[in-house]
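Peer 1: If you scroll down you'll find the structure; I have some questions about it.
Read-outs: derived from the displayed coordinates by stated rules, not from any lab. The model shown is predicted, which means the values in this text are computed figures rather than measured ones. A quick note on method: Cβ atoms are made from the backbone with ideal geometry, for glycine too, and the neighbour counts reach across all protein chains shown.
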Amino acid sequence: MEILGVFGILLGILTIVLLIIKKFSIIIAAPIATIVVLLFNEVPILETVFGKENSYMASLAGFVASNFAIFLLGSILAKYMDKSGATVSIANKVLSVVGTKNPYNALVALFIISAILTYGGINVFVIIFALIPMAKPIFRELNISWKLVAIPVFGGTSTFTMTMLPGAPSLHNIVPSTALGTTLTAAPLIGIVTSIVAIVFILVFMKFSLAKSLRNNETFKVDEKDESSDVTSERKLPSFIISLLPIVVLLAIILLFTSVSNIIIVALIVAIVLSAILFRKQIAQQKEVLNQGANESVASTITTGSTIAFGSIATSVPAFKGVFQLIQSIPGPPVLSLMIGTGLIGGITASAVGAIGIAVTNFAPVYLEMGLDPETIHRAIAISSGALSIVPYSGFLIIFNNLTGLTMKDTFKNGFISISVTSWVAMAVIVVMALLGLA
């Protein structure tokens with residue numbers, strides 16, 4: 001039964017991946033894959049999918065209830081920034097600073113902006129809602145492949161600033177801190193060393209990818225339906241200061257009132273109201289902006305919630321306990337099997353935060369009994385959570401593609417290397433440090 005159950009988990013993952021490749025919506029693919037997992041684990045299907053507690057629908061509903069406001073407001077703010085031409089104005093300023101002769105400088109600038117925002121505690125979805133419209137005119141002006149945008153954005157938002165750097169205010173750092181009684185600066189040596197290695201790896205990969213793209217004569221190309229912001233070049237753009245003001249106010253409120261409950265929602269509302277006032281000359285029909293932003297946010301929320309719901313069920317079936325026991329038997333320092341187990345959960349749930357939540361509850365107590373330092377467990381779980389979190393059914397990746405107008409084929413490789421391979425490199429560093437007695 002256990003072997004059959006494990007096969008069911010693998011078949012469920014394969015099912016959801018194949019359906020995504022065949023361009024089925026994740027909203028359809030996730031429940032189908034969930035049913036496949038349940039069939040091979042002899043778990044009541046109707047109750048586990050549609051029940052009011054501990055079910056697929058309950059998990060999906062929980063995610064929507066917790067996150068819909070952020071997706072809704074973030075999407076509306078992004079529309080204001082895009083339709084007003086504010087993103088073009090900001091992009092023009094960035095280009096005037098970094099120049100147009102060296103596209104690599106522009107990619108690095110975008111990488112740095114992404115990293116600063118993430119380390120400042122800004123929700124990653126809010127960041128991509130704001131950054132993508134700003135990045136597009138930069139890539140258009142430099143005439144470089146739009147596919148490359150995944151590298152600076154993914155590398156800046158979802159690697160060292162999220163899980164490695166000590167003190168990061170991200171959920172990926174907070175959840176293990178709360179569960180293990182450690183601080184946000186846990187295992188500072190591990191965090192600093194892995195951050196340096198990750199930054200170097202991402203910058204080298206970025207330079208290599210850009211050079212390869214230029215050698216292949218790849219230029220800026222997007223679907224015509226995604227070129228709506230081009231019309232902004234035909235009218236007067238808001239000034240750079242005015243364009244930047246809503247984002248500055250958003251960040252200031254979040255950083256100054258970080259201890260206030262739901263401050264992100266308050267900050268987004270203020271930024272939207274400010275945008276409506278500042279960009280009233282550029283946007284004649286504000287009702288359309290509100291409607292478009294609201295409509296697009298619904299699909300984004302359900303998409304991400306569906307992947308997390310699938311992962312929550314796949315990791316709750318009895319057969320998964322056998323998988324964990326198998327992982328524990330992996331030879332080498334204990335931190336290695338801990339990271340492999342956490343990374344595997346990240347792949348199943350397509351969520352780094354989901355992987356951390358499961359790992360600190362189910363894995364951490366076992367490794368504490370082995371004598372592993374709580375701070376090492378904290379940092380190892382956080383870093384390894386991203387090892388397989390970029391999969392074809394990743395909600396973050398799907399939303400990114402929706403915002404950029406790119407396809408899974410366009411972004412998966414760059415996204416996977418930027419996040420997952422970077423995490424693998426950091427994990428390898430931790431293993432070496434453990435063998436040397438430094439972790």
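Peer 1: For the stretch 351-439, place one equal point scatterer on every Cα, skip the solvent, and apply the Debye formula. What is log10 of I(q)/I(0) at q = 0.14, 0.17 Å⁻¹?
Peer 2: -0.58, -0.76
Peer 1: Still on this structure, please answer the following. List, largest first, the extents of the alpha carbons of the stretch 79-195 along their principal axes, each in whole Å.
Peer 2: That gives 48, 30, 22 Å along the principal axes, largest extent first.
Peer 1: Run through every distinct alpha carbon pair of the stretch 245-306 and return the Kirkwood hydrodynamic radius in angstroms, one decimal place.
Peer 2: For the stretch 245-306, inverting the mean 1/r across all distinct Cα pairs yields 13.2 Å.
Peer 1: Taking each pair of distinct Cα atoms in the stretch 354-396 once, what is the resulting Kirkwood hydrodynamic radius in Å?
Peer 2: Result for the stretch 354-396 stands at 11.2 Å.
Peer 1: Any chance you could run the full-extension gain for Asn217 through Ala61? It's 0.36 nm times the residue separation minus the Cα-Cα distance, nm to one decimal.
Peer 2: Contour length minus Cα-Cα distance gives 51.6 nm.
Peer 1: Cut-off under 23 Å on the C-alpha distance; same-chain residues fewer than 8 positions from Lys409 excluded. Which lysines are left, in chain and number order?
Peer 2: Lys409 reaches Lys22, Lys23, Lys136, Lys147, Lys207, Lys212, Lys221, Lys225.
Peer 1: Provide the packing ranking of 122-131, 315-324, i.e. peptides ordered by the mean count of other C-beta atoms within 10 Å per residue, highest first.
Peer 2: Highest-to-lowest ranking by the protection proxy: 122-131, 315-324.
Peer 1: Follow-up question, since we're still on this one. Where in the chain are the DSSP H helices whose C-alpha atoms run 30 Å or more along the long axis and whose mean Kyte hydropathy is at least 0.5?
Peer 2: Helix filter hits for the chain: 56-83, 188-215.
Peer 1: Sticking with the crude label model, points 7 Å out along Cα→Cβ, report the distance from Ala252 to Thr361 in nm, one decimal please.
Peer 2: About 4.0 nm, to one decimal.
Peer 1: Can I ask one more? Arranged from highest to lowest average of other beta-carbon atoms within 10 Å per residue, in what order do the peptides 167-176, 334-343 appear?
Peer 2: Listed from highest to lowest mean packing, they are 334-343, 167-176.
Peer 1: I want the local charge near Met134. Using Cβ-Cβ distances under 11 Å, sum +1 for each Lys or Arg and -1 for each Asp or Glu among the other residues.
Peer 2: +1
Peer 1: Within a Cβ distance under 15 Å of Ile32, other residues only, what is the Lys/Arg minus Asp/Glu net charge?
Peer 2: Around Ile32, the charge tally is +2.
Peer 1: May I pose another question? Can you pull the one-decimal nm distance between simple spin-label points at Ser96 and Gln328, each 7 Å off the Cα toward Cβ?
Peer 2: It works out to 6.2 nm between the two label points.
Peer 1: Hey, for a label at Ile45 modelled as a point 7 Å past Cα toward Cβ, could you say which residues of the stretch 55-91 have their backbone N under 19 Å away?
Peer 2: 55-58
Peer 1: Would you mind checking Lys52/Lys321; Lys93/Lys236; Lys236/Lys281 for any pair whose Cα atoms are more than 18 angstrom apart?
Peer 2: Pairs exceeding 18 Å: Lys52/Lys321.
Peer 1: Which semi-axis lengths, in whole Å and largest first, follow from the square roots of five times the eigenvalues of the Cα gyration tensor of the stretch 1-129?
Peer 2: 42, 19, 13
Peer 1: What 222 nm value per residue comes from the helices of the chain, counting each DSSP H run with n ≥ 4 as -39,500 (n - 2.57) and dividing by all residues, nearest 500 deg cm²/dmol?
Peer 2: -23000 deg cm²/dmol
Peer 1: Grab the Cα-Cα distance for Val17 and Lys413, subtract it from 0.36 nm times how many residues apart they are, and report the gain in nm with one decimal.
Peer 2: Roughly 141.1 nm would be gained on extension.
Peer 1: Let me ask something else about it. Rank-order 281-290, 110-119 by packing density, defined as the average count of other C-beta atoms within 10 Å over each peptide's residues, highest first.
Peer 2: 110-119, 281-290
Peer 1: How large is the Rg to Rh ratio of the stretch 255-343 when both quantities use alpha carbon positions and Rh follows Kirkwood?
Peer 2: Reported Rg/Rh, Kirkwood definition of Rh: 1.26.
Peer 1: Related question: Along the three principal axes, how long is the chain when you take its alpha carbons, biggest first, rounded to the nearest angstrom?
Peer 2: Computed over the Cα atoms, the extents are 66, 51, 48 Å.
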